[in-house]
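Engineer: Can you keep this structure in mind? I'll have questions shortly.
No value in this document is a laboratory result; all are computed from the given coordinates. Quick caveat, the model's predicted, so the values are computed rather than measured.
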Amino acid sequence: MVYIPRDKFNTELRIKVQNVLKDAYNGLSSGFTTEFNESAHARVHVHVRTVPGQVNDVNIATLEAKLSALMQSWDDNYQKCYSIMWVSNKPTL
């Protein structure tokens, strides 16, 4: 189950998420269902088909970091860099 901010959800991002999950679990293919409700997030249930006994051990923290990075836009990264620069160069009184 992957929650994607509704304003960032699109087919291209969903396919990237599926591919990351498929690669992480050594999957052969993947399918999905998507649910939109009043929430600020789209809920995507990704089904990864694997060969029994050939599923990779997955570091969940690393997988979450990869998925999170996929959802970051150029604007998000710019804002993050700008904030870091502002804090590190903030004048002291």
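Engineer: In square nanometres, what is the average projected area of the Cα convex hull of the chain?
Structural biologist: Averaged projected hull area, Cα only: 8.3 nm².
Engineer: Full extension from Asn26 to Gln72: what is 0.36 nm times the residue separation minus their Cα-Cα distance, to one decimal in nm?
Structural biologist: 14.1 nm
Engineer: Same structure again: Over every pair of different alpha-carbon atoms in the stretch 11-54, take the mean of 1/r and invert it; report that Kirkwood radius in Å.
Structural biologist: It is 11.2 Å.
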